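Data block below; observations after.
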Amino acid sequence: MKVDVLLGLQWGDEGKGKVVDVLTPKYDIIARFQGGPNAGHTLEFNEIKHVLHNIPSGIFREDQINVIGNGVVIDPVIFRKEIEAISKLNVDISKRLFISKKAHLILPSHRILDAASEASKGKTKIGSTLKGIGPTYMDKTGRNGLRVGDILSEDFKKMYDSLTGKHMQLLGMYNFEYKLKDFEEGWFEGINTIKKFSIIDSEHFINQEINKGKSILAEGAQGTLLDIDFGSYPFVTSSNTICAGACTGLGVAPNKIGKVFGIFKAYCTRVGSGPFPTELNDETGEKLRQKGNEFGATTGRPRRCGWLDLPALKYSIMLNGVTNLIMTKADVLSAFDSIKVCTAYETTEGIIDYFPYNINIVTKAIYTDIPSWIEDLTNVENGSDLPPELIDYIHFIEKEVGVPVTIVSVGPKRRQIIEL
Ligand code: GDP
Ligand code: IMO
Ligand code: MG
């Protein structure tokens with residue numbers, strides 16, 4: 001069997017958690033391949049609303065193995081809290097959650113460095129979630145990091161002290177107050193929680209399961225436009241969020257990738273700083289935020305909102321080799337008097353229809369008007385019952401980008417999903 005990949009095509013929060021939870025029964029294994037607790041993946045079922053950060057979104061189904069892959073960075077403190085929250089729901093995951101030995105650990109001092117770096121940037125800050133993501137991936141590529149496999153070593157505390165010592169030297173460069181000791185006890189408690197799970201060579205496990213014919217869904221975090229190489233740099237995260245990240249983040253060869261599910265909202269949102277060509281700083285943007293409940297799942301920050309951006313979506317589809325599109329939050333657009341979709345940009349260098357190197361050259365988004373609909377979609381169960389205007393909107397997108405939309409999500413709950 002091949003590994004299917006589900007990932008975000010915008011700036012994150014496209015509804016990955018919800019859709020992974022819905023698709024999980026079709027798979028044997030769900031595996032996260034990059035990012036860390038900067039992710040907030042929301043699931044709603046049986047009157048429960050749950051947000052996952054480090055743990056894959058297949059965890060609430062009983063029969064699937066969930067893997068935290070080598071490309072992920074784990075904060076033991078947040079991991080422990082997640083485990084406690086899940087166990088309160090009487091869900092036993094002890095035999096169903098495996099963690100890669102090669103996943104890197106977020107240290108308390110990584111979080112402090114993240115905060116110090118952001119504070120020093122002032123107005124030019126990235127708008128990081130302050131979870132220590134950037135500093136942890138810096139130590140990974142700088143070959144200084146601590147990995148989950150290290151916690152089994154007798155020298156682990158020494159390794160921890162050595163890396164923390166380096167961080168304290170670095171922190172000396174910033175004028176930033178911090179209290180490391182306050183965080184350390186909880187961190188080591190989190191390490192003990194991690195030890196209770198199966199710590200594995202996940203690349204061997206995944207490839208063995210592929211060879212046995214098991215089906216695997218790789219779950220992305222963040223979104224393509226936050227990718228470290230291709231996103232709106234420097235306003236990006238520190239990992240490869242694109243499909244290639246599933247290969248490096250799980251140890252899966254490119255020829256083992258099957259379907260690529262690219263998920264996008266029927267409009268656009270972004271949290272944190274950075275360019276956003278279709279952003280609406282007006283009452284329409286506010287209406288999208290309120291109707292779409294666009295507040296960050298990890299930080300609670302209001303999300304910036306705007307219309308769907310097709311040049312950006314085409315770019316994301318190209319980078320990921322998307323085979324199936326999934327549109328979420330179609331229900332939010334009901335009862336908008338007018339819907340717009342961006343098809344090109346006016347820039348200081350003329351009109352372009354592609355996502356440019358420097359997005360700041362965009363002076364205006366060029367829009368096509370889409371006929372709107374008034375029907376409430378949240379109880380629609382069949383594609384044939386969707387309003388014709390929404391079907392036309394979907395056909396318009398498919399024609400522009402050349403990939404079919406195979407799933408439409410019409411609400412946050414498990415049941416609110418339509419296969420086309
Ligand atoms: P993720 O990071 O991609 O998993 O997405 P988030 O969980 O951060 O944000 C998506 C938000 O939209 C969550 O609050 C979901 O419960 C909610 N959601 C997901 N799909 C839909 C949908 O089709 N309609 C509506 N109204 N909400 C949705
Ligand atoms: P999910 O998986 C939306 C954004 C932050 C910031 C930038 C860098 O829930 O879609 P970082 O903490 O990675 O250093 O922040 O990336 N960001 C996200 N935005 N959804 C996410 O994850 C995000 N993870 C990071 O807001 O702009
Ligand atoms: Mg999210």
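The values are calculated or read from the model by the stated rules, or taken from the named source; none is laboratory data. Computed from a predicted model, the values in this text were never measured in an experiment. Glycine also receives a Cβ, built like all others from the backbone with ideal geometry; neighbour counts cover every protein chain displayed. Each accessible area value is taken on the protein alone, full model and side chains, heavy atoms only, with ligands, DNA and RNA left out. Shrake-Rupley method; radii C 1.70, N 1.55, O 1.52, S 1.80 Å.
Worth a mention:
- Scanning region 39-58 for residues that are over 20 Å from Gly69 (Cα atoms) and part of a loop (DSSP other than H, G, I, E, B) yields Asn46, Glu47.
- Among the residues examined, Lys81 qualifies as without any contact (Cβ under 8 Å) to a residue 24 or more places away in the chain and either away from ligand 3 (no atom under 16 Å from the Cβ) or more than 23 Å from Ile326 (Cα to Cα) (or both).
- Residue in region 142-155 that is at pLDDT below 95, part of a helix (DSSP H, G or I) and out of contact with any helix residue (DSSP H, G or I) (no Cβ under 6 Å at 6 or more places or on another chain) present: no
- For region 12-38, the set of residues classified as assigned to a loop (DSSP other than H, G, I, E, B), open to solvent by less than 10 Å² (accessible area, probe 1.4 Å) and within 11 Å of ligand 2 (Cβ to nearest atom) consists of Gly12, Glu14, Gln34, Gly36, Pro37, listed by residue number.
- The residues listed here are Lys329, Lys265; of these, the one that is surrounded by 22 or more Cβ atoms within 10 Å (Cβ to Cβ), on the phi < 0 side of the Ramachandran plot and within 16 Å of ligand 3 (Cβ to nearest atom) is Lys265.
- Verdict on Lys102 being in contact with a helix residue (DSSP H, G or I) (Cβ under 9 Å, 6 or more places away or on another chain), more than 11 Å from ligand 1 (Cβ to nearest atom), open to solvent by 10 Å² or more (accessible area, probe 1.4 Å) and closer than 30 Å to Lys212 by Cα: yes
- Close pairs from region 289-305: first closer than 16 Å to Cys268 by Cβ, partner away from ligand 2 (no atom under 12 Å from the Cβ) and among the acidic types (Asp, Glu), Cβ under 6 Å, at least 6 apart: Arg304/Glu279
- Residues located in region 125-143, provided they are open to solvent by 60 Å² or more (accessible area, probe 1.4 Å) and either in contact (Cβ under 8 Å) with a residue 12 or more places away in the chain or touching a Lys or Arg at 6+ places or on another chain (Cβ under 8 Å) (or both): Lys125, Leu130, Met138, Lys140
- Members of region 269-288 found to be more than 12 Å from ligand 2 (Cβ to nearest atom) and either in contact (Cβ under 8 Å) with a residue 24 or more places away in the chain or open to solvent by 40 Å² or more (accessible area, probe 1.4 Å) (or both), listed by number: Pro277, Thr278, Glu279, Leu280, Asn281, Asp282, Glu283, Thr284, Glu286, Lys287, Leu288
- Against the list (1) open to solvent by less than 30 Å² (accessible area, probe 1.4 Å); (2) free of Cβ contacts under 8 Å to residues at least 60 places away in the same chain; (3) part of a helix (DSSP H, G or I), the condition Asp161 fails is (1).
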